[in-house]
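Inspection log for the structure reproduced underneath, given as structure tokens.
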Amino acid sequence: MEKFYLTTAIDYVNGAPHIGHAYEKILTDIIARHYTQRCDNVYFLTGTDEHGIKIQKTAAAKGITPKELCDENAQKFKDAWKALDVDYTKFIRTTDEDHEKIVQHIFDKLLKQGDIYKHSYEGLYCQGCECFLNPKDLTEDGLCPDHLKKPEVVKEENYFFKLTKYKDAIIKHIKDHPDFIVPEFRANEVINQLEDIQDISVSRAKSNVEWGIDVLGDDEQSIYVWIDALSNYITALGYDTENPSENFKKYWPANVQVIGKDILKFHSIYWPAFLMALDLPLPKHILAHGWITIDESKMSKSLGNVISPTSVLESFNLEHPDAFRYYMATSAPCGRDGNYSDDDFKEKVNAHLANSMGNLLNRTLSMLVKYFDGEVKPEFKGENPLAKKALGTIQIVKKHFDNFEIAEAGLEITSLVDATNKYVQDTAPWTLAKEEKMTECGQVLVNVLDVMCIIASLIYPYCPNIASDMAKQLSFDLKTKLDDLTADNIKCGKLISKEDIKPVFLRLDSELADKSAKKQ
Ligand code: ME8
């Protein structure tokens, strides 16, 4: 694998990040970190979507300029991703000057080649979706089905993109590439939506929406959000209509574009059509994840249950985000909705990270110190009955990642931890020591520690801090690529002293912090 380019959706900056946004960024970061274990050139793009009527109105209501609102909130997203160890390569803002300039070139090119045309239009506009809705998609009461708000009637002369021209080609692409839309069950939804697709408005009258990128040579129109927002995936790499950068040539097409199920239509219909019009290849996969609910209900400002990701870290006094990352990524299979609850979070991470994985390492190293003064002797090395399962797990995890089954891969790692724990239970090294079968006892401990290196490596994308603490105590190089891992990872000689053994994850036993402290 020569390169791996992956992107997230870019978030609207009319508010602060919540754990739904965090879920997506964590998932993508986990995929990115996994592929750094398989290839040297991983490029991970995220950012913020800063134009449009919603931002304009929110800023006006706060009595600040849209740019001030964007600056303030974009920083909150960056801060949150830092706290969650989301290690992106680039953070793009759609108000970046070079992005704006390239979007103008893209628009101009499509206009000149006839894919964009001017047209007078009356339609139902939903601000929540930032798009015109088809009357047949509204609820019985005439509301937007996603935002449960009545769309506005908008009559304007706008520029339109000839989406209908690309309909057949998109349907063919989806049918010819069953893994283009992940999970596959969503492809049918998209095909149905394509059936009655119409040309789409790609600009707004400046008199209505001022906060947007200007259309070159037309003072009265600004480029409307989706063509601006979607282009970020190529402008960030330095695409330009005339002279695309080396970086662009190296990384495009994206290997996977991670988005929420609510914006799948834009990514699997509009985006492929724009790319086809620009004569560019389509991304390999669009991964549509599910939505995160809180205590089984939809997160919403009106319900007052919107949770910020950093407040979860604070209320549990977590020194790093690993437990939250692990929980979010394994809470539900990728394309399905997941749920966050404080109790479930505490129970799962205590069970998986503290009791099973953390304790296993701690106990094993403690026995090595107790019986052998922390020394690995050459006679402790030999055939490892856990090797087959451990090496097999690496292959299964890789396969899950290739299918973007991130939760399933996480559970596979837990299953290796369980099998290793069972091995310790069955072989009872403490009994072997009591019976003075010291070589056998040492063999069991080293077998376990060899597997712990594999576990550290596999858990790294989910829990980079815990993995690094594990690797340190095992004198194992976490940068080892997955394909270079063997079942023989522990070196002979003194491995560790008593004072260097430290638990990699402490149980969350404290009383749950006052939940209201977490509400935004
Ligand atoms: O849609 N659970 O921005 P956005 C899981 N700017 N994911 C959620 C979620 C939840 N409760 N709520 C939101 C936009 N998301 C556009 C995208 S891309 C070129 C432009 C996800 O801030 C949502 O599905 O409304 C989307 O993928 C991302 O957060 C940003 O949502």
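The values are calculated or read from the model by the stated rules, or taken from the named source; none is laboratory data. If you're wondering where the values come from, they're calculated on a predicted model, not measured in any experiment. Cβ atoms come from the backbone with ideal geometry, glycine included; neighbour counts cover every protein chain shown.
Which one of these is at pLDDT 95 or above and among the acidic types (Asp, Glu): ASP343, ASP279, ASP295? Being at pLDDT 95 or above and among the acidic types (Asp, Glu) holds for just one of ASP343, ASP279, ASP295, which is ASP279. Return yes or no: is LEU278 hydrophobic (A, V, I, L, M, F, W, C) and assigned by TED's automatic domain parsing to the domain that holds LEU84? Considered against the rule, which asks whether it is hydrophobic (A, V, I, L, M, F, W, C) and assigned by TED's automatic domain parsing to the domain that holds LEU84, LEU278 comes out as yes. Of the residues making up segment 149-178, those that are among the acidic types (Asp, Glu) and either touching a strand residue (DSSP E or B) at 6+ places or on another chain (Cβ under 6 Å) or at pLDDT below 95 (or both) are GLU152, GLU156, GLU157. One residue alone among ASP509, ASP483, ASP469, ASP500 is acidic (Asp, Glu) and closer than 18 Å to ILE394 by Cβ, and that residue is ASP483.
Of the residues making up segment 377-385, not a single one is of a type in the set (S, T, N, Q) and more than 36 Å from the chain's Cα centre (by Cα). Restricted to helices (runs of 4 or more DSSP H) entirely inside segment 311-383, those with at least 1 residues that are under 30 Å from LYS494 (Cβ atoms) are 322-330, 359-372. Looking for something buried (at least 21 other Cβ atoms within 10 Å of the Cβ), among the β-branched types (Val, Ile, Thr) and closer than 30 Å to TYR35 by Cβ - is there at least one such residue anywhere in segment 103-124? Within segment 103-124 (the criterion being buried (at least 21 other Cβ atoms within 10 Å of the Cβ), among the β-branched types (Val, Ile, Thr) and closer than 30 Å to TYR35 by Cβ), the answer is yes, since at least one residue qualifies. Scanning segment 420-466 for residues being under 16 Å from ILE490 (Cβ atoms) and either outside the structural domain of GLU375 (by TED's automatic domain parsing) or under 28 Å from the mean Cα position of the chain (by Cα) (or both) gives a total of 7. Based on what the data block shows, is SER331 touching a strand residue (DSSP E or B) at 6+ places or on another chain (Cβ under 7 Å) and hydroxyl-bearing (Ser, Thr, Tyr)? Judged against the criteria, SER331 is a match.
Restricting attention to segment 332-364 and to residues that are within 16 Å of the ligand (Cβ to nearest atom) and hydroxyl-bearing (Ser, Thr, Tyr), the residue that is nearest to LEU287 (Cα to Cα) turns out to be TYR340. Just so you know, in segment 205-225 the residues that are at pLDDT below 90 and crowded, with 18+ Cβ neighbours inside 10 Å include one that is farthest from the ligand (Cβ to nearest atom), and it is VAL209. Take the conditions (1) within 24 Å of VAL258 (Cα to Cα); (2) within 24 Å of the chain's Cα centre (by Cα); (3) not acidic (Asp, Glu); SER315 misses just one of them, which is (1). Considering each residue of segment 184-204, count those that are among the polar types (S, T, N, Q) and either within 16 Å of the ligand (Cβ to nearest atom) or touching a Cys at 6+ places or on another chain (Cβ under 9 Å) (or both), and give that number. The qualifying residues number 1. Remark: ILE490 matches the filter, which requires a residue to be touching an Asp or Glu at 6+ places or on another chain (Cβ under 9 Å), at pLDDT 95 or above and either buried (at least 18 other Cβ atoms within 10 Å of the Cβ) or assigned by TED's automatic domain parsing to the domain that holds ILE30 (or both). The listed residues are ILE170, ILE181, and the only one of them that is in contact (Cβ under 8 Å) with a residue 40 or more places away in the chain, within 16 Å of the ligand (Cβ to nearest atom) and assigned by TED's automatic domain parsing to the domain that holds LYS90 turns out to be ILE181.
When LYS76, LYS82, LYS109, LYS67 are checked against the criterion of being touching a residue at least 60 places away in the same chain (Cβ under 8 Å) and within 30 Å of GLU314 (Cα to Cα), a single residue qualifies: LYS76. Within segment 23-32, is there a residue that is surrounded by fewer than 17 Cβ atoms within 10 Å (Cβ to Cβ), of a type in the set (Lys, Arg) and either within 16 Å of the chain's Cα centre (by Cα) or more than 14 Å from the ligand (Cβ to nearest atom) (or both)? For segment 23-32, residues surrounded by fewer than 17 Cβ atoms within 10 Å (Cβ to Cβ), of a type in the set (Lys, Arg) and either within 16 Å of the chain's Cα centre (by Cα) or more than 14 Å from the ligand (Cβ to nearest atom) (or both): absent.
The residues listed here are THR65, THR95; of these, the one that is closer than 16 Å to VAL225 by Cα and hydroxyl-bearing (Ser, Thr, Tyr) is THR95. Filtering segment 135-147 for residues that are within 28 Å of the chain's Cα centre (by Cα), without any contact (Cβ under 8 Å) to a residue 24 or more places away in the chain and surrounded by fewer than 16 Cβ atoms within 10 Å (Cβ to Cβ) leaves a non-empty set. Of all the helices (runs of 4 or more DSSP H) wholly in segment 402-520, which have at least 2 residues that are within 30 Å of TYR5 (Cα to Cα)? In segment 402-520, 406-427, 438-459, 464-474 are the helices (runs of 4 or more DSSP H) which contain 2 or more residues that are within 30 Å of TYR5 (Cα to Cα).
For segment 1-12, filtered to residues that are more than 8 Å from the ligand (Cβ to nearest atom) and touching a residue at least 40 places away in the same chain (Cβ under 8 Å), the residue that is farthest from ILE307 (Cα to Cα) is LYS3.
Every condition in (1) surrounded by fewer than 17 Cβ atoms within 10 Å (Cβ to Cβ); (2) within 12 Å of the ligand (Cβ to nearest atom); (3) not acidic (Asp, Glu) holds for ALA236 except the one numbered (1). Selection of segment 360-374 for residues being over 41 Å from the mean Cα position of the chain (by Cα) and either surrounded by fewer than 19 Cβ atoms within 10 Å (Cβ to Cβ) or polar (S, T, N, Q) (or both) yields LYS370, TYR371, ASP373. Here segment 13-22 is the region considered, the condition is being among the small types (Gly, Ala, Ser) and in a loop (DSSP other than H, G, I, E, B), and the residue that is farthest from the ligand (Cβ to nearest atom) is ALA16.
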